[in-house]
Amino acid sequence: MNNPPPSPTQPPPIYAGFWLRFAAALIDSLVLFFPFCVAALIGVVFVRLLSAARGYDPAVGIIIVCSTMSIIVSWLYFALTESSSWQATVGKKALGLYVTDIDGRRLTLSRATVRTFAKFLSTITVGIGYILAPSPKRNKRSTTSFRIASSCAAREPSGKTEEHMDAVPNKVPYKVCVVVDREFGERLAEIEPGVPVWIVDTPANKPVAQRLWKERPHESHLTGITTFDDWSPVSPEDLLIGELYMIDLHHGSYSTATPYTIIEVFGAPLSEKIKVNLAEYGFNEFHSAATGFSAVRPARTT
């Protein structure tokens, strides 16, 4: 059964940083220690009895059985808790974290299972998948579990919902800027504060974005700067097209009561390919400029 879409006024997730997720993982490790020991003991006894009856060395069998039992226990723990009404493991719940899909909905058991095995993949790769998204200002697709299972660990707001309400743009029309110019650099600071900007993460752009994050600590992704990965040598045109879904998700009707109606692009000329892709999101008016172009769509009425 498909989950219903979130309300247009439902606040977007506040993505949990690396250290919060790491602390939750430590708590979960302690919670799992006893079940692991019980499962391992059962496995060892079973293998020893079987090996004694058949007369072979139990060492390899013990390793295989213990590893299998560890995977099963971890899978059941993470998949069942993260798809439950808690939407969290014991560790995440203790730290005010929860797990959601990219639309802000509770995970199904199948998606929670995929997420769990994606985390196993991160472990196999020496934890790289866990540390790719230490900053909530970065692109939200960085962790392995997000890329594979379209899910993320989010945190509960520290205060009341005013934190989210303040983040919702009240400007009409609501504009989003997208920068696919890899050398945009200091020009980022010239864009009016309060206008959400998505900018490609490059050596020229990243330091400026990081500085502006520090200078504007109260901005959210709805009013501030978000960086996204540079898939070099992908063209600026394809970089833009590849981000349209995430931009619409974060600035459309799922994230705010007043969805964006204008998209201004820096670093890519207007092309028929771009027009076709933007038309899928309702954009039907286009204006070329020296630095790129802008596109406009009608305001949605309910």
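The values are calculated or read from the model by the stated rules, or taken from the named source; none is laboratory data. All values derive from a computational prediction rather than experimental measurement. Here the Cβ positions follow ideal geometry from the backbone for every residue, glycine too, while neighbour counts run over all protein chains shown.
Assorted remarks:
- Criterion: charged (D, E, K, R), under 13 Å from Arg297 (Cβ atoms) and outside any loop (DSSP other than H, G, I, E, B) - qualifying residue of Asp248, Asp238: Asp248
Residues are listed down the side, and each one gets a yes or a no for (1) more than 21 Å from Leu188 (Cβ to Cβ); (2) touching a strand residue (DSSP E or B) at 6+ places or on another chain (Cβ under 7 Å); (3) part of a strand (DSSP E or B):
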residue: Pro207; (1), (2), (3): no, no, no
residue: Trp213; (1), (2), (3): no, yes, no
residue: Ser220; (1), (2), (3): no, no, no
residue: Glu243; (1), (2), (3): no, yes, no
residue: Ile263; (1), (2), (3): no, yes, yes
residue: Val276; (1), (2), (3): yes, no, no
residue: Ala295; (1), (2), (3): no, yes, yes
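Quick grid of which residues meet (1) out of contact with any Asp or Glu (no Cβ under 8 Å at 6 or more places or on another chain); (2) of a type in the set (Phe, Trp, Tyr); (3) within 13 Å of Ile241 (Cα to Cα); (4) without any contact (Cβ under 8 Å) to a residue 12 or more places away in the chain:
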| site | (1), (2), (3), (4) |
| --- | --- |
| Ala257 | yes, no, no, no |
| Ile263 | yes, no, yes, no |
| Glu272 | yes, no, yes, yes |
| Leu278 | yes, no, yes, no |
| Tyr281 | no, yes, yes, no |
| Asn284 | yes, no, no, no |
| Val296 | no, no, no, no |
| Ala299 | yes, no, no, no |
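- Considered as a group, the residues in segment 222-231 that are touching a residue at least 12 places away in the same chain (Cβ under 8 Å) and assigned to a loop (DSSP other than H, G, I, E, B) include one that is surrounded by the most Cβ atoms within 10 Å (Cβ to Cβ), and that residue is Leu222.
- In segment 283-294, the count of residues that are closer than 20 Å to Arg182 by Cβ, in contact with a Lys or Arg (Cβ under 8 Å, 6 or more places away or on another chain) and not hydroxyl-bearing (Ser, Thr, Tyr) is zero.
- Scan of segment 104-127 for residues that are touching a Ser or Thr at 6+ places or on another chain (Cβ under 9 Å), aliphatic (A, V, I, L, M) and modelled with pLDDT under 70, ordered by number: Leu121
- The condition (being under 18 Å from the mean Cα position of the chain (by Cα) and assigned by TED's automatic domain parsing to the domain that holds Val179) is satisfied by just one residue among Leu278, Leu249: Leu249.
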